[in-house]
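Encoded as structure tokens, the structure appears first; notes follow it.
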Amino acid sequence: MIDYRKAYAEDVIQLKKLWLSCFSEREEAAELFFIRNSDTYHGYCACDGSNIISALYLIDCTLCGKKAHYLCGAATLPWYRKQGIMSELIEFALADAEARGDCFSALLPANEKLYGYYAARGYNPIGAACTAGFNCDKQDGYSEGKPDFEELQKARFTDKFLLWNNNYIAFAEEYYACYGVRSVKSENVFALYEPKGDCADVFYAAFNDLKELKVLLHAQGVRRFSLTGSPMDPLFKNVKPEKRGMLRSLGDSDLPDGFYIGITLD
């Protein structure tokens with residue numbers, strides 16, 4: 001008989017082993033998730049006796065001013081798959097999240113096939129993102145500093161986006177660094193980017209001043225970069241949005257007509 005329950009601190013060894021067996025993940029990155037991020041996520045697992053065979057994680061955030069979460073790390077041991085275990089675990093976790101006051105459940109499927117899987121479980125593919133290219137600027141006068149991540153997000157995205165707390169974004173910066181991702185930051189800028197020679201892929205950025213982002217990147221040797229962001233950002237008014245993420249309402253909360261995820265753990 002399969003049992004479904006919340007994950008506890010003493011489960012971390014099994015949970016990390018399951019995570020590493022199912023994902024192409026570096027051990028130090030997994031270690032950061034379970035230790036550095038422990039106060040941000042809620043873990044759930046399915047057990048066969050004392051063995052954890054399936055797990056998922058809900059990371060706290062807000063959307064449209066309401067409590068929400070981002071579902072990630074959904075994994076099941078190969079020999080237990082296609083038995084409906086993950087579907088049952090998802091419903092168990094979402095029922096607990098709704099009881100906790102969450103109004104929305106968001107996720108980003110790893111591939112197109114999984115969009116169909118989650119659609120069958122009540123998720124709607126209304127997430128979107130845009131990407132555009134920019135040249136960097138060379139200018140003196142900007143220096144690195146400590147941003148307030150939450151306030152930068154609110155100022156940049158204005159509405160219909162997953163708002164992460166400061167602790168989670170600080171964790172994400174360390175997590176992505178395990179894969180060679182770099183960051184630039186000042187009081188007005190926070191950005192994560194993958195360097196590609198003298199170009200860069202800025203896959204997440206919250207800032208008050210685009211010019212300052214350009215200058216900070218130029219100081220790191222970047223001459224041109226692609227920037228991914230919310231379709232509601234005026235910077236992308238002439239860019240066609242791409243599908244990026246799904247959302248499910250919990251309880252009687254009305255879904256927004258779209259939303260932006262930003263930083264994710266796929």
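The values are calculated or read from the model by the stated rules, or taken from the named source; none is laboratory data. Source: prediction; values computed, not measured. Ideal geometry is used to build each Cβ from the backbone, glycine not excepted, and the neighbour counts take in all protein chains shown.
Quick notes on this structure:
- Of everything in the stretch 92-112 that is without any contact (Cβ under 8 Å) to a residue 12 or more places away in the chain and assigned to a helix (DSSP H, G or I), the residue that is farthest from Asp252 (Cα to Cα) is Glu112.
- Taken over the stretch 40-51, the criterion of being in a loop (DSSP other than H, G, I, E, B) and either touching a strand residue (DSSP E or B) at 6+ places or on another chain (Cβ under 9 Å) or not assigned by TED's automatic domain parsing to the domain that holds Ala7 (or both) is satisfied by Thr40, Gly49.
- The single condition among (1) among the β-branched types (Val, Ile, Thr); (2) under 26 Å from Lys240 (Cβ atoms); (3) at pLDDT below 95 that Val215 does not meet is (2).
- Here Cys130, Cys136 are screened, and the one residue that is in contact with a helix residue (DSSP H, G or I) (Cβ under 9 Å, 6 or more places away or on another chain) and closer than 16 Å to Tyr260 by Cβ is Cys130.
- Qualifying residue in the stretch 117-136 (condition: at positive phi, in contact (Cβ under 8 Å) with a residue 24 or more places away in the chain, among the hydroxyl-bearing types (Ser, Thr, Tyr) and part of a loop (DSSP other than H, G, I, E, B)): no
- The listed residue being among the small types (Gly, Ala, Ser) and assigned to a helix (DSSP H, G or I), out of Ser21, Ser54: Ser21
- Checking the stated criteria, Asp60 turns out not to satisfy the condition of being closer than 18 Å to Ala172 by Cα, in contact with a helix residue (DSSP H, G or I) (Cβ under 8 Å, 6 or more places away or on another chain) and surrounded by fewer than 19 Cβ atoms within 10 Å (Cβ to Cβ).
- The set of residues in the stretch 234-260 being in contact with a Lys or Arg (Cβ under 7 Å, 6 or more places away or on another chain) and either under 17 Å from Leu94 (Cβ atoms) or not in a strand (DSSP E or B) (or both) consists of Ser253, Pro256, Gly258.
- Subset of the stretch 156-215 [closer than 28 Å to Glu31 by Cα, in a strand (DSSP E or B) and of a type in the set (Phe, Trp, Tyr)]: Phe161, Phe190, Tyr193, Phe203, Tyr204
- Every residue from the stretch 216-228 that is farther than 10 Å from Val184 by Cα and either assigned to a loop (DSSP other than H, G, I, E, B) or of a type outside the set (Lys, Arg) (or both): His218, Gly221, Val222, Arg223, Phe225, Ser226, Leu227, Thr228
- The stretch 9-58 - residue that is under 22 Å from the mean Cα position of the chain (by Cα) and of a type in the set (Ser, Thr, Tyr) and, of those, nearest to Met86 (Cα to Cα): Ser54
- Selection status of Pro147, under 28 Å from Gly258 (Cα atoms) and either acidic (Asp, Glu) or over 15 Å from the mean Cα position of the chain (by Cα) (or both): yes
- Residue that is among the hydrophobic types (A, V, I, L, M, F, W, C), outside the structural domain of Tyr118 (by TED's automatic domain parsing) and at pLDDT 95 or above, where the choices are Ala170, Ala177: Ala177
- Restricting attention to the stretch 100-135, the residues that are modelled with pLDDT under 95 and in the same structural domain as Phe225 (by TED's automatic domain parsing) add up to 0.
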